[in-house]
């Protein structure tokens, strides 16, 4: 048995998910005994998987799939059960976690840290009582700190040179190759983005035997049933100063602070023949992206300037006449 402690803490440092979404967070490693991990996963499922977050420190480069597969196979039913396991080296650093398991437990709006092998109920009980106590074993962390791996590898590369070459390629190649008409009347349209499966998609069957069909050829999915548009999308013809001024006014509004800006206009060029991206970045104070025809079709954009936002399971596209707004 090892000496462990319980103390009040503030759940800060997590990057993947806000700690306040959970009652319990458990720092684990694939180096822990499989029996301990199986037991913790089963307890989390019994409590309600969304109440418990498992955190690992990292993974061997190019082997994250192996790590997740190993952990998944420890679930009571690897093909049906699901618990939340996230890679969050920042959390390990924030709480100075050097051995596992370590629990962060919420009790009456306060958070407590409990170290050592113990059941989730046991960790909750210690959080309610507070104070020092002896728990079960602590184990070495098998996974590397993935941030340390990235930091070490980054020292071996000339990133400034790589960025310069990337900017040069962008200036030469990122040229929108189609135009859209200018809006002449304010209006609002709705569009449902879909995806049609080009061929059967299969996966391994239960216990790894045989295959099961996950999606059939010709099957159509409504994309917004499975994902969401993270930020508003603004489409603009950057050769039209009226549209540029209008978009600049939109970007000053809080609701469009994080919007992505896409440009059309096959004549947008600098004197050297490339796209004048740097000037547009300066005007909009953010990166800008070329709106290729296929992407425009995916958003359902028919004219510019336009603002695209999600409205339930569809996209709402609002069109604005720059003449009346400029």
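Throughout, read-outs are computed from the coordinates displayed, never taken from laboratory work. Note that this is a predicted model, so its numbers are computed, not measured. Note that each Cβ is placed from the backbone with ideal geometry, even for glycine, and that neighbours are counted across all protein chains shown.
Worth pointing out:
- Qualifying positions in segment 183-201 - surrounded by 12 or more Cβ atoms within 10 Å (Cβ to Cβ) and outside any strand (DSSP E or B): 183, 184, 192, 193, 197, 200
- Output for segment 290-306, where each listed residue is part of a strand (DSSP E or B) and more than 23 Å from the chain's Cα centre (by Cα): 304, 306
- Scanning segment 38-91 for residues that are part of a loop (DSSP other than H, G, I, E, B) and buried (at least 16 other Cβ atoms within 10 Å of the Cβ) returns 57, 58, 59, 74, 75, 83, 88.
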